[in-house]
Structure formats: structure tokens, C-alpha cells
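J.: Here's a structure for you.
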Amino acid sequence: MSNDDGTTVEITHKTIGPSRPSRIRVASRIKVRDLRNAIAEKGRFPVTNLRMILRGKALQDEEDGEDVYVTLKDEDSLTVAVIPKRPVGVETYDDDDDDEELKFKLPPSASRWKRKLYYFLRNKLKLPDIILMGLFSLSLKMWAIITLWFILAPIAHRWELGPIFLLGTGFSIILLNLGKRQPGDVSAYSIFNEDFRELPGTYNAERIDRDIRAGHI
């Protein structure tokens, strides 16, 4: 837990509740993430539920997509809070919990440049979460297709092919979203099935004629 020059400090951390203060030796300059992991490991706390307060300020692991470092001194005191887990089977109707679930969050596996872009759009441009969700849910392939569409659109307009370009775009969207049937699947439209086989229970003119001839109607 030491930094590059090997300087370490001994700090005190006090967990909120009926517990005694504990001491731990860590690097004098350390990532908040590493400090959280060290305290969670020593106290056997769930690291995801651990919150830390230093000098009256809550410590965050990241800021604008970058790891946050904290500089510690000997005899520094750290307040630790462990957020209790919600009991299994207990439902709550807290509006804050509902709002938290609706917020878009990047997965932990997201790359560094994607995190920096996410924090820039959220903190600097103040984009709402619904827009962020749409932006980051698209793959690189889809972004390439969208970029190519905007490049070709002015060219099509210049050559007076705008209507054809829009129709082609519509048909392309339909074809790309048709999906693929698995072996053994049957389409609801008999014309697409082998031997024009219909789904069981299909009620059409042929079925009505057959029921009339058989006296069922």
C-alpha cells in the first residue's frame, strides 16, 4: 500500500456505530479506490457498501472519469459508514431509490476514453440520462453507419436523389431488424414456410370453407 517513494502513514478509521477506532498503515498518497479496498479488507466490510469521510468531505473513487487521489498525514482520522443491505423480500417505496435506478451508469468494464466522454457529457453539457443511455448503448458499428448516412445524405440531395435515399434507408432499417429464425421455427405467414405450412390453429378462408363442407358451421 505504499506509493512510489515508499512513504507511508498511519491513520485512524472509525466505523459509525458501537465499534472502537482502528488503525491502518497506508501510502501517504493513495487512490481513494485502494484506500476503500484496504479498509474493507481489514474490517471485512462489503466494499460496495463502504462510504468514507475525510476532513468533512465524502471521498469519491472517480471524478470526470479519472481516479481520485488523496494525500494523508499521520494521525489523520477517517470516518467509515457501511450502508446496510436491503433485507430480502422487503419492498420499499422510496422515491430516491427509484430515481437512482433510472440513472444511467457505465459498466465497470468501460474503457478510459468512454468514461471521460461520459463524465464530460453528463457534468459539463448536462445531458439527461435518457440521452446518455441512447448514446452509449450504440455499438461502434452502428455509429459508423450513422456517420456514413449523414455523409451520404447531402450528396444524395445534391444529385436530387433525396426521396430514393430516404426510401432506401427505410427498407434497410426494416431488413436489418427482421432477425433470423432458428432451425425449426415457423413464420406466422405461411408463404415464408416450407410447403406453405401454416401455424396450428390458423383460421382463414380455406379453413372456413372446410368447416362449412364438413357441417361444422
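J.: Cross-link partners among lysines for K116, C-alpha distance below 28 Å, same-chain residues fewer than 8 apart left out?
T.: Within the straight-line limit of under 28 Å, K116 reaches these lysines: K31, K57, K103, K105, K124, K126, K141.
J.: Taking the Cβ-Cβ separation of L127 and E10 as r and a Förster radius of 45 Å, what is the calculated FRET efficiency to the nearest 0.05? Working shown, then result.
T.: On the way: r = 44 Å, r/R0 = 0.97.
According to the calculation, E is roughly 0.55.
J.: What list of ³J(HN,Hα) values in whole Hz, one per residue of segment 140-155 in order, does the Karplus curve 6.51 cos²θ - 1.76 cosθ + 1.60 (θ = phi - 60°) give from phi, with Gly and Pro shown as x?
T.: 4, 4, 5, 5, 5, 5, 5, 4, 5, 4, 5, 6, 7, 4, x, 5
J.: Binning at 10 angstrom from zero up to the longest distance, how are the C-alpha pair distances of segment 8-82 distributed in percent?
T.: With 10 Å bins starting at 0, P(r) equals 19, 60, 20, 1.
J.: Mind listing the long-range amide H neighbours of R29? Cut-off is under 5 Å, sequence gap 5 or more, other chains count too, H placed in the peptide plane at 1.01 Å from N.
T.: The answer is N3, L72.
J.: While we're here: Under 5 Å between amide H atoms, partner at least 5 residues away or on a different chain: which partners does E62 have, H built in plane at 1.01 Å?
T.: Sorted by chain and number, the residues that satisfy this are V68.
J.: Near R207, within a Cβ-to-Cβ distance under 13 Å, what is the net charge of the other residues, with Lys and Arg +1 and Asp and Glu -1?
T.: Its environment carries a net charge of -2.
J.: Report S190's accessible area, 1.4 Å probe, all protein chains in place, as a number in Å² to the nearest 10.
T.: Roughly 40 Å² of S190 is accessible to a 1.4 Å probe.
The values are calculated or read from the model by the stated rules, or taken from the named source; none is laboratory data. Keep in mind it's a predicted model, so treat the numbers as computed, not measured. Note: ideal-geometry Cβ built from the backbone for every residue, glycine included; neighbour counts use all protein chains shown. What goes into the accessible areas is simple: the full protein's heavy atoms, side chains included, and nothing from ligands, DNA or RNA. Shrake-Rupley method; radii C 1.70, N 1.55, O 1.52, S 1.80 Å.
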